[in-house]
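The values are calculated or read from the model by the stated rules, or taken from the named source; none is laboratory data. Source: prediction; values computed, not measured. Glycine gets a Cβ as well: all are built from the backbone with ideal geometry, and neighbour counts include every protein chain shown. The accessibility values were calculated without ligands, DNA or RNA, using every heavy atom of the protein model including side chains. Shrake-Rupley method; radii C 1.70, N 1.55, O 1.52, S 1.80 Å.
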Amino acid sequence: MKIIVCLKQVPKNDSILRINDQGNWIQDRDLTYEINESDAYGLEAALQLKEKQGGEVIALSLGPARVQSVIKEALARGADRGIHLEDPAFDKLDAYGIAAVISAAAKAEGFDLLLTGLQSDDYGFAQTGVIAAELLGLPHATIVMDVQPGDGSLRVKRELENGYFQWVSMPAPAVLTIQSGINTLRYATLKGIMGAKKKEIKKLDVTALGIDKAALAPRMEFLRVYVPQKSKQTQFIEGSPAEIAASLMEKLRNEARVF
Amino acid sequence: MSAIDLDFFRLDNQLSDEEKLSRQTVRDFVRERVNPIIAECYEQGRFPKELIPEIADLGLLGMTIPEEYGCAGVNSVVYGLTTQELEAGDSGLRSFVSVQSSLCMYPIYAFGSEEQKRKWLPEMAAGKVIGCFGLTEANSGSDPGSMRTRAKKVKDGWLLNGSKAWITNGTIADIAIVWAKTDDDTIRGFIVEKGTPGYTAPEVKHKLSLRASVTSELFFQDCLIPEESILPESKGLKSPLMCLTQARYGIAWGAIGAAISCFETAAEYAKQRVQFNKPIAAFQLTQEKLVRMYTEICKAQLLCLQIGRMKDAGQLQPAHVSMAKMNNVAIARECAQIARTILGGNGITGDYPIMRHMCNLESVYTYEGTNEVHMLVLGKHITGIEAFA
């Protein structure tokens, strides 16, 4: 089974976040980065499938030179080789643009399974995997908790709401977006880290992928990023216990709208 | 709440992806596997032996030794960064890895025969054979040349008599690297296997420091050591001292881990703890304490990265390691004491790591060359005059 896992590099969740001078994103100067959480579970799912079924795991990441560190981490954990999608034209892509580039690279590589995380910890769109599937004309499933490969087909468990799950069967190849927490992440061992140095990381740009730059023009942009304003107000409700309770209920219902 | 910037001088920019990832691996391991149990282990006076297979799987045992002996073959900076993370968990855990790697696997690698290396190193890297290092004796600490343990040449090998004290891992060790004087008073190293008649290793109980680590005495009574168990290239006191230089290098880094653990705990606490209607972090005296700790930690980080790079470049001298061990353990000890005052009464409880680090660092301050002896090594470096005795 040939599995491509998409890994996004995102700011670490304990990063010190400062808004940039343009006020439209965070300053990247002081950031440290890590693999997007649900993508890491996607990688682990891929590695476990490879251990059971044999095959190959390819770690794919899109972004500037720094994203090579997430590819190297995937290689250290056991992925066989890496693909780094890097081009100045990829700098300000929206979910559609990212999916377009990923799908072009995945199509050229060929695969049985394309895995992404459910959503990214920075933008949180939860769209990339789904759009990539549509662009590739392949079936997909989202919020995947378990993958059971069959002969040319897949059975996957999806998380629904309220503790319900859904089992879906689909033909392979397919695109799955993986939920966090579905497996136990392995550590990158020191031997794995050293061994990763010898594994291939292929770099592909717009030209190599044969993408029309105009098609990547963002359909969405960030206008403003700001820290939520904290506002706290204390009201004392006077009266008898019954009056206080009635007034509180009225406020909860009509002002706080908690019901 | 914003995290505290522990990379003030942007040293991470000087680290390779492999170095950063190695540190992250051990940081995650310590946070997930060590921190949840270590306070209880300490209280029970128990070394968490159950973690040995996981530590071995991570590749931490003998990590700088080449791959052909089953080890990871990483550089000295990775060794340093990982010991830092281990000691942020507990000095006992770092001691275990230091002893196995620098004091047992290193002498086999540096002074052993090819047969000895092939026999022991892969098994030790896999955590299946645990080692201990016997140099110090009850009456021979800073002056190891005065040791009384003797190895007498006999027909079938060597007859070992004597005792060793303050031996980390001793009771759980499968082999001991024992240093003894031979008939011509030359100090040589021997691999003594558990089960050798006349060899016992009782545990030292009732310690109030390094409680999550095994400390033992070793006794040798007419132990017959086969000829193939002498480390053939070990010659003189210089050999064990070379091992100690390796281990001290790791301790210099490890101490930063303990210091950071204390500092982070105190800084977070100071921002949360409210007295006189404001967080105690808003008081100048508390800020002075935080700045003192922070400054010393940042300086220690600079020192360690530089000695790491020098070690990998083959430029490191024992005096450099003396300065790093002396300075970093001393500042870690001070950080623990300062951090404890910020936590007030809470600082003495096992709910926070500070008191445990503080007690551990009392041992670390003394073992692997006392603070005083390292100072005299540097005194000799400056003046050319030995002031040890």
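Being under 27 Å from B:Lys117 (Cα atoms), open to solvent by 70 Å² or more (accessible area, probe 1.4 Å) and in contact with a helix residue (DSSP H, G or I) (Cβ under 8 Å, 6 or more places away or on another chain) is the filter here, so list the residues in segment B:25-59 that pass it. Within segment B:25-59, just B:Lys49 meets the criteria. The combined condition, being farther than 29 Å from B:Met293 by Cβ and either touching a strand residue (DSSP E or B) at 6+ places or on another chain (Cβ under 6 Å) or more than 14 Å from chain A (Cβ to nearest Cβ) (or both), is fulfilled by B:Arg46. Among strands (runs of 3 or more DSSP E) entirely within segment B:60-171, having at least 1 residues that are open to solvent by 10 Å² or more (accessible area, probe 1.4 Å), touching a residue at least 40 places away in the same chain (Cβ under 8 Å) and of a type in the set (Asp, Glu) singles out no element at all. The single condition among (1) at pLDDT below 95; (2) of a type in the set (D, E, K, R); (3) more than 22 Å from the chain's Cα centre (by Cα) that A:Glu221 does not satisfy is (3). Of all residues in segment B:196-234 being in contact with a helix residue (DSSP H, G or I) (Cβ under 8 Å, 6 or more places away or on another chain), assigned to a loop (DSSP other than H, G, I, E, B) and open to solvent by 80 Å² or more (accessible area, probe 1.4 Å), which is nearest to B:Gln317 (Cα to Cα)? Ranking the candidates gives B:Glu233 first. The criterion of at least 3 residues that are closer than 24 Å to A:Ile98 by Cα and either of a type in the set (Gly, Ala, Ser) or open to solvent by less than 70 Å² (accessible area, probe 1.4 Å) (or both) is met by the following helices (runs of 4 or more DSSP H) wholly inside segment A:168-259: A:206-209. The set of residues in segment B:3-19 that are buried (at least 18 other Cβ atoms within 10 Å of the Cβ) and either in a helix (DSSP H, G or I) or in the same structural domain as B:Ala259 (by TED's automatic domain parsing) (or both) comprises B:Asp17, B:Glu18, B:Glu19. Entry remark, segment A:21-33: residues being touching a Lys or Arg at 6+ places or on another chain (Cβ under 9 Å) and either more than 14 Å from chain B (Cβ to nearest Cβ) or in contact (Cβ under 8 Å) with a residue 24 or more places away in the chain (or both) number 4 in total.
Going by the structure shown, is A:Lys157 under 23 Å from the mean Cα position of the chain (by Cα), touching a residue at least 12 places away in the same chain (Cβ under 8 Å), more than 14 Å from chain B (Cβ to nearest Cβ) and farther than 23 Å from A:Gly124 by Cα? In short, no.
The residue that is farthest from B:Gln24 (Cα to Cα), counting only those in segment A:147-158 that are open to solvent by 60 Å² or more (accessible area, probe 1.4 Å) and at pLDDT 95 or above, is A:Arg155. Looking across segment B:282-302, the residues that are in a helix (DSSP H, G or I), among the hydrophobic types (A, V, I, L, M, F, W, C) and surrounded by fewer than 19 Cβ atoms within 10 Å (Cβ to Cβ) come down to B:Ala282, B:Leu285, B:Val291, B:Cys298, B:Leu302. Suppose the filter is surrounded by fewer than 17 Cβ atoms within 10 Å (Cβ to Cβ), in contact with a strand residue (DSSP E or B) (Cβ under 8 Å, 6 or more places away or on another chain) and among the polar types (S, T, N, Q); does B:Gln272 pass it? Judged against the criteria, B:Gln272 is a match. For segment B:69-86, a residue qualifies if it is within 10 Å of chain A (Cβ to nearest Cβ) and closer than 9 Å to B:Trp253 by Cβ, and the qualifying residues are B:Tyr79, B:Thr82.
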